[in-house]
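The values are calculated or read from the model by the stated rules, or taken from the named source; none is laboratory data. It should be emphasised that the depicted structure is a prediction, and the values quoted were computed from it without experimental measurement. Cβ placement follows ideal geometry from the backbone for every residue including glycine, while neighbour counts extend to all protein chains displayed. For accessibility, only protein heavy atoms count, side chains too; no ligands or nucleic acids. Shrake-Rupley method; radii C 1.70, N 1.55, O 1.52, S 1.80 Å.
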Amino acid sequence: MRLPAEFSLIARHFLPLAGPGALRLADDAAILTPPPGQELVLSADAMVAGVHFLPDDPPETVGRKLLRVNLSDLAAKGAVPIGYLMTVSTPGATPDAWFAGFAAGLALDQAAFGVTLVGGDTTSTPGPISLSLTIIGHVAPGTAVLRSGAQPGDEIWVTGTIGDGALGLQAALGKLADAGGYLLDRYRLPQPRVGLALAGIASAAMDVSDGLVQDLGHLCRGGNVAAEIEAAKVPLSDAARAAGPEWLETCLTGGDDYELLLAVPAPRRAALVAEATRAGIAVTRIGRFLAGPPDVTVRQANGAPMELTKHGWSHF
């Protein structure tokens, strides 16, 4: 008996990605056993063409970005990835080559990050392409780092560089020169900071997806504290600096970085630096949390507050 078209597509492109517990993607559920003595950590993110990626982005990078933005949420919890569930909704006219490229990108990053597909769903839609992924990881009981927990006096640290993703989108739209393609690559392929052991070091953490200033505000509300950062200390890549100072606000508020934003008590500073060095991840101290209403102040070089026209990305 011939397979229905949907199941044939799954067998061609997604069955090779399936791992233990996926039941060969032939059942209505997956069965997953976490490592002994570990707690599960789950997170979900969606990506929609025209909102989170451009309709003409290569399908390989779309697949990789979908997995990476979800891995970034696990990284912020200090969790180890296990696998993922995925929903793919595409217009009926989507060519088979798109699915092949999308799955090839997932396969690359499955190998890089040690995860496998355990299940999901495929559906048709009038458009645009809509994707959702639920990532599954594990931590030792009670060690997941939450958004809540920042205390007055904690230092504010970030991984990597800030603003490249937002500038990469502007480059893709033709609004910013990007001769070497570095910024566009950072927009299409964020680097999830999986492997940075945060338990016992960070008092609070999250990834920067909607803009540094806006996401820092989430940590402030979680801990009922204020925050102050120095614009000059926010780490920028050479490509971001080359864009010019007129793009600084975009770097601070634009989103799509998927770097980690950390609250770290001063006595644990050395431990963070040592762990980051071990993991090969750059970290930079950019400010501190203060007692006061949950708000974020960005200081200019002269100490004056920077006036921002926006604080970050919002879907609504």
- Here the residues within region 176-190 that are open to solvent by 70 Å² or more (accessible area, probe 1.4 Å) and either more than 16 Å from Arg64 (Cβ to Cβ) or in a loop (DSSP other than H, G, I, E, B) (or both) are Ala177, Ala179, Gly180, Tyr182
- Task: Being in contact with a strand residue (DSSP E or B) (Cβ under 8 Å, 6 or more places away or on another chain) and under 16 Å from Pro235 (Cβ atoms) is the filter here, so list the residues in region 270-294 that pass it.
- Result: Leu272, Val273, Ala276, Ile281, Ala282, Val283, Thr284, Arg285, Ile286, Gly287
- For region 77-85, state whether one or more residues are surrounded by 20 or more Cβ atoms within 10 Å (Cβ to Cβ), in contact (Cβ under 8 Å) with a residue 60 or more places away in the chain and hydroxyl-bearing (Ser, Thr, Tyr). no
- Message: For region 229-275, give me the residue count where each residue is of a type in the set (Asp, Glu) and surrounded by fewer than 22 Cβ atoms within 10 Å (Cβ to Cβ).
- Response: 5
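For (1) under 19 Å from Ala282 (Cβ atoms); (2) buried (at least 19 other Cβ atoms within 10 Å of the Cβ); (3) touching a residue at least 40 places away in the same chain (Cβ under 8 Å); (4) more than 13 Å from the chain's Cα centre (by Cα), each residue gets a yes or a no:
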| site | (1), (2), (3), (4) |
| --- | --- |
| Gly153 | no, no, yes, yes |
| Ile162 | yes, yes, yes, no |
| Leu169 | no, yes, yes, yes |
| Gly174 | no, no, no, yes |
| Ala197 | yes, no, yes, yes |
| Met206 | yes, yes, yes, no |
- Among (1) of a type in the set (A, V, I, L, M, F, W, C); (2) part of a loop (DSSP other than H, G, I, E, B); (3) under 30 Å from Phe53 (Cα atoms), the one test that Leu216 misses: (2)
- Within region 115-135, count every residue that is open to solvent by 50 Å² or more (accessible area, probe 1.4 Å) and of a type outside the set (Ser, Thr, Tyr). 4
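Considering only region 116-136, how many residues are part of a loop (DSSP other than H, G, I, E, B) and more than 20 Å from the chain's Cα centre (by Cα)?
Residues flagged as part of a loop (DSSP other than H, G, I, E, B) and more than 20 Å from the chain's Cα centre (by Cα) within region 116-136 amount to 4.
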- Could you list all residues from region 114-149 that are hydroxyl-bearing (Ser, Thr, Tyr) and farther than 18 Å from Val69 by Cα? Thr122, Thr123, Ser124, Thr125, Thr143, Ser148
- Across (1) free of Cβ contacts under 8 Å to residues at least 60 places away in the same chain; (2) within 13 Å of Gly211 (Cβ to Cβ); (3) among the hydroxyl-bearing types (Ser, Thr, Tyr), Tyr258 clears everything bar (1)
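From the residues in region 137-151 that are in a loop (DSSP other than H, G, I, E, B) and open to solvent by less than 30 Å² (accessible area, probe 1.4 Å), which one is farthest from Phe289 (Cα to Cα)?
Val145
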- Condition set buried (at least 18 other Cβ atoms within 10 Å of the Cβ) and touching a residue at least 60 places away in the same chain (Cβ under 8 Å), scope region 89-106, selection farthest from Leu260 (Cα to Cα): answer is Phe99
- Quick count over region 66-76, residues being under 15 Å from Ala49 (Cβ atoms) and either in contact with a Pro (Cβ under 7 Å, 6 or more places away or on another chain) or without any contact (Cβ under 8 Å) to a residue 12 or more places away in the chain (or both), is 1
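Just to be sure, is Ile229 in contact with a strand residue (DSSP E or B) (Cβ under 7 Å, 6 or more places away or on another chain), farther than 28 Å from His52 by Cα and not in a helix (DSSP H, G or I)?
It is false that Ile229 is in contact with a strand residue (DSSP E or B) (Cβ under 7 Å, 6 or more places away or on another chain), farther than 28 Å from His52 by Cα and not in a helix (DSSP H, G or I).
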